[in-house]
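Okay, so here's the structure we're looking at.
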Amino acid sequence: MRVLIIEDDVVLRSGLRDLMNRAGYEADAAGDIRAAWAAGAGGPGYGAYLADVMLPDGSGVDFCAELRAKTAAPILLLTALDDEESVIAGLSAGADDYISKPFRARELLARLAANLRRSAPRASLIESGALVCRGADRFFLNGEPLTLPPNGRKLLSALLESAGRLLTREHLFYRLWDIDENYVDENTLSVEVSRLRKALGRFRGADYIETVRGVGYRWALPIMTVGKDGDPDEA
């Protein structure tokens, strides 16, 4: 997932890029609107945008409106202007979220992950080994409903959506953490993965989840998805 950051403050821009990269995204950064367009804003290369509202060569709100006409990817506006009129203007221009400065890093990442989940196309059916996922989070194992706690469902959804790509531990922290400050740390994540492994068991002697020591986790078995049109794809 590539994210484009549009922020004229050099220190904040660098900090945001480092934060995104640590969370498992591939982040690019631009200091103004012209640089953002030059970097390919609005094209297929970016899956999300973080944009300041006050930019040196124009309004971030106007930029958001132009960007929205070119892409359905989530746009998060970052600004010190948090009055009601400014928020309404940003959302009316097509922004998916409006985050006031100063903001907390974990909240920003949680909001980004939430917007990406909402915007992601959903397969109507996902199959992997003996596991079946119908719709958003209805899981069945060996034909029986699989009951999981909330964090277990979030973790399983993240792993299936990754289609076998490595998910860093830090990325998963923010998928499980929520804006109500239900905090997930290293130990909590390890426990959640262990519980999910136990619930899933093994398929023909193989684990569903692979641990990449010191880095994170990936879904280990092939995944078959069936979209709205009924066409299967294997990952």
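The values are calculated or read from the model by the stated rules, or taken from the named source; none is laboratory data. This is a predicted model, so every value here is computed, not measured. For neighbour counting, all protein chains shown are included, and Cβ atoms are generated from backbone atoms with ideal geometry for every residue, glycine included.
Of all residues in region 1-44, those that are touching a residue at least 24 places away in the same chain (Cβ under 8 Å) and of a type in the set (D, E, K, R) total 8. For G60, the requirement of being closer than 21 Å to F173 by Cβ, in contact (Cβ under 8 Å) with a residue 24 or more places away in the chain and of a type in the set (G, A, S) is not met. Which of (1) assigned to a helix (DSSP H, G or I); (2) touching a Phe, Trp or Tyr at 6+ places or on another chain (Cβ under 9 Å) does L12 not meet, given it meets every other one? Tallying (1) assigned to a helix (DSSP H, G or I); (2) touching a Phe, Trp or Tyr at 6+ places or on another chain (Cβ under 9 Å), L12 fails exactly one: (2). Looking only at residues of region 133-157 that are in contact with a strand residue (DSSP E or B) (Cβ under 6 Å, 6 or more places away or on another chain) and in contact (Cβ under 8 Å) with a residue 12 or more places away in the chain, we find that the one that is farthest from A113 (Cα to Cα) is L141.
Yes or no: region 100-114 includes at least one residue that is in contact with an Asp or Glu (Cβ under 8 Å, 6 or more places away or on another chain), charged (D, E, K, R), closer than 21 Å to A35 by Cβ and surrounded by 19 or more Cβ atoms within 10 Å (Cβ to Cβ). Checked against the condition, which is being in contact with an Asp or Glu (Cβ under 8 Å, 6 or more places away or on another chain), charged (D, E, K, R), closer than 21 Å to A35 by Cβ and surrounded by 19 or more Cβ atoms within 10 Å (Cβ to Cβ), region 100-114 yields no hits at all.
If the condition is being modelled with pLDDT of 90 or more and part of a loop (DSSP other than H, G, I, E, B), then region 55-69 contributes P56, D57. For region 64-71, the condition of being within 27 Å of L156 (Cα to Cα), out of contact with any strand residue (DSSP E or B) (no Cβ under 8 Å at 6 or more places or on another chain) and not polar (S, T, N, Q) holds for none of the residues.
Just need a number here: residues in region 203-235 that are surrounded by fewer than 12 Cβ atoms within 10 Å (Cβ to Cβ) and at pLDDT 85 or above. The qualifying residues number 4.
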